[in-house]
There are 2 protein chains.
Amino acid sequence: MVDGALRACDADPDLRLLLVGPSEVAGEVLGALPAVDRDRVTVRPVSGAVGMADAASGAKRVDTTVRAAVAAVAEGVVDGAVSAGPSGATVTAAVLGLGRWPGVRRPALATTLPAVEGPVVLLDVGASVEARPGTLARNAALGAAYAAVVNNVDKPRVGLLSIGTEPGKGDRARRAADPFLAGQQLPSGARYIGLVEGYEACLGERADVVVTDGFTGNVLLKGIEGAYTLLGGPAQTVPRAAALLGVHGTVVVCHGAAAGADLASGIALAAHLHRRSAAIEISTLLGVIHG
Amino acid sequence: MVDGALRACDADPDLRLLLVGPSEVAGEVLGALPAVDRDRVTVRPVSGAVGMADAASGAKRVDTTVRAAVAAVAEGVVDGAVSAGPSGATVTAAVLGLGRWPGVRRPALATTLPAVEGPVVLLDVGASVEARPGTLARNAALGAAYAAVVNNVDKPRVGLLSIGTEPGKGDRARRAADPFLAGQQLPSGARYIGLVEGYEACLGERADVVVTDGFTGNVLLKGIEGAYTLLGGPAQTVPRAAALLGVHGTVVVCHGAAAGADLASGIALAAHLHRRSAAIEISTLLGVIHG
């Protein structure tokens, strides 16, 4: 946390941080900052936290760091929140503290993967774990808008993750979502290109957006991460931060095993999302009347 | 196909092949073989095939290559069958032509991945696409026996693939299967170590066997394959052949995009499974009275 905060301040001179958590940790950050930068960091001391082994419902307690961070977003004290706690708890805290966009029952976590032919947006990577055709269709719209607004992709190509590219491949949820998506209009001039396989997330040949449920997406993301480790690839190119889409505000979830560099990239992502007005732009593109 | 058959014969002097398919293709293989090796290859001409875009039920037609290959196993003409056709059709053909082991409703495809700490068995990678707790528990037993019999792993450690390692992480099927597996006896002295994440398939730190449903396993395998491509890893270390477990006989499924080297490794896997009497040994370990 300390390392991540320092790296983030160093990388972005316009960044200001509100540290939400135990005073000792915040004190470490302040102590390590050059005197001239200390007024860029303020502290909201909170001692309660949701642990990795706690249920996501732990975030229903208001005396936790994640709830306090989300409250700071809701109050307008900060422009976005970043958490490396359990993603389920962060999603719960964000829904309770910020509220969902109308029409979005289940928020999704979107991440951008480096791929052979250019970046690929993968979602959901862990917010909602059951595969439902309606959620998959909503994720397609969220991902298309995200690719356009956040990654500047023109007319994103959207694929539905399955286990073959021919129509009819996959489980029940995919077989129901595929023909539905073929007839659905997507935002940002995006077009649905059909089913894609797991390697598409690393190739980007046919799709700029790979759509799936949060269980499969999380497994895929971590499998790719494992392959990077096995092959000794550059660890910094594995994304360890994801944007939460579907709530009124900017929320970023970092990998639970996040190192300083990962946390700094999560903070940078939150700043980028805010500067692009991503939450407002994406919800508007979805045809949702904002708040 | 031609390249794969030639490579396989070259790599294993004891191998003999029955080519099941169009006479022209078989003729190419025979023509390319040194004269001294030609009696190692025989031909069963079949012109019908199940295409990639056909439903798995296409394998219900008996006039297809995959049915004819499985029939040759059932007749005892060959010791195993290898197919690079659609895996769903191969599974259907194997079930119809060879019959399932008692107690195995849904066969599983098992593959062995190279990992940091040693090989990891991943299953199911595409035979059965819906995640059911009972199928996951059966896959755990199949994978444990496979690791012991085929990969010589002593007391395999078995993990259930999920999106966190703490109990309670995952979707409904995982949350139901995890406590069940904790109380289930596994063959070959294997022990269940709980939930693992996607990177475990490439690390092998906590588990020798990673258990999942065929949808998630297929996505994970192909995602790892994509990461290899992105990072320029040695393509030959990505497994592109999987053993079908749960039917009376040796059947190997190769990747639909299999190149000659992949097909040759699939043929080598089938020979290895036969030499280990894998189908009989594994079904016996499962406590099944072999038909």
Quiz prompt | Sites B:Arg105 and B:Ala257, calculated FRET efficiency, Cβ-Cβ separation with R0 30 Å, nearest 0.05 | solution = 0.55
Quiz item: What residues in the range B:146-191 lose 20 Å² or more of accessible surface when the other protein chains are added to their chain alone (1.4 Å probe)?
Solution: B:Ile163, B:Glu166, B:Lys169, B:Asp171, B:Arg172
Quiz item: Label-to-label distances across copies for A:Gly99, with labels 7 Å out along Cα→Cβ, in nm, shortest first?
Solution: 6.5
Self-check item: Volume per residue of the C-alpha convex hull in the protein assembly as shown, rounded to whole Å³
Solution: 143 Å³
Self-check item: Inter-site label distance for B:Ala11 and B:Ala74 at 7 Å from Cα along Cβ, in nm
Solution: 2.9 nm
Practice problem: May I ask you to give the percent of accessible area on chain B that is carbon plus sulfur, with a probe radius of 1.4 Å? | Solution: 52 percent
Practice problem: List the distances, in nm and shortest first, from the label point of A:Gly31 to the matching label points in every other copy, placing each point 7 Å from Cα along the Cα-to-Cβ direction. | Solution: 7.9
Practice problem: Could you work out how far apart the two model spin labels at B:Arg172 and A:Arg175 are, taking each label as a point 7 Å from the Cα in the direction of the beta carbon, and quote it in nm? | Solution: 1.8 nm
Self-check item: Expected 222 nm ellipticity per residue - DSSP helices of 4 or more, -39500 (n - 2.57), all of chain B, to 500
Solution: -12500 deg cm²/dmol
Quiz prompt | Separation of alpha-carbon centers, the range B:34-91 and the range A:78-136, rounded to whole Å | solution = 45 Å
Quiz item: How many square angstrom of accessible surface are buried between B and A, both sides summed, with a 1.4 Å probe and rounding to 100?
Solution: 3400 Å²
Quiz item: Any idea of the accessible area per residue across chain A, 1.4 Å probe, to the nearest Å²?
Solution: 39 Å²
Quiz prompt | Distance violations [Cα-Cα > 27 Å] among A:Lys60/B:Lys169; A:Lys169/B:Lys155; A:Lys222/B:Lys60 | solution = A:Lys169/B:Lys155; A:Lys222/B:Lys60
Exercise. Along Cα-to-Cβ, 7 Å out, sits the label point; list in nm, shortest first, how far the one on B:Glu75 is from those in the other copies.
Key: 8.1
Quiz item: Which residue of chain A is nearest the rotation axis onto chain B, counting by its Cβ, and what is the distance in whole Å?
Solution: A:Ala227, 2
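The values are calculated or read from the model by the stated rules, or taken from the named source; none is laboratory data. In this text, all values refer to a predicted model and were calculated from it rather than measured experimentally. Glycine also receives a Cβ, built like all others from the backbone with ideal geometry; neighbour counts cover every protein chain displayed. Remember, those area values only see protein heavy atoms, side chains included, never the ligands or the DNA or RNA. Shrake-Rupley method; radii C 1.70, N 1.55, O 1.52, S 1.80 Å.
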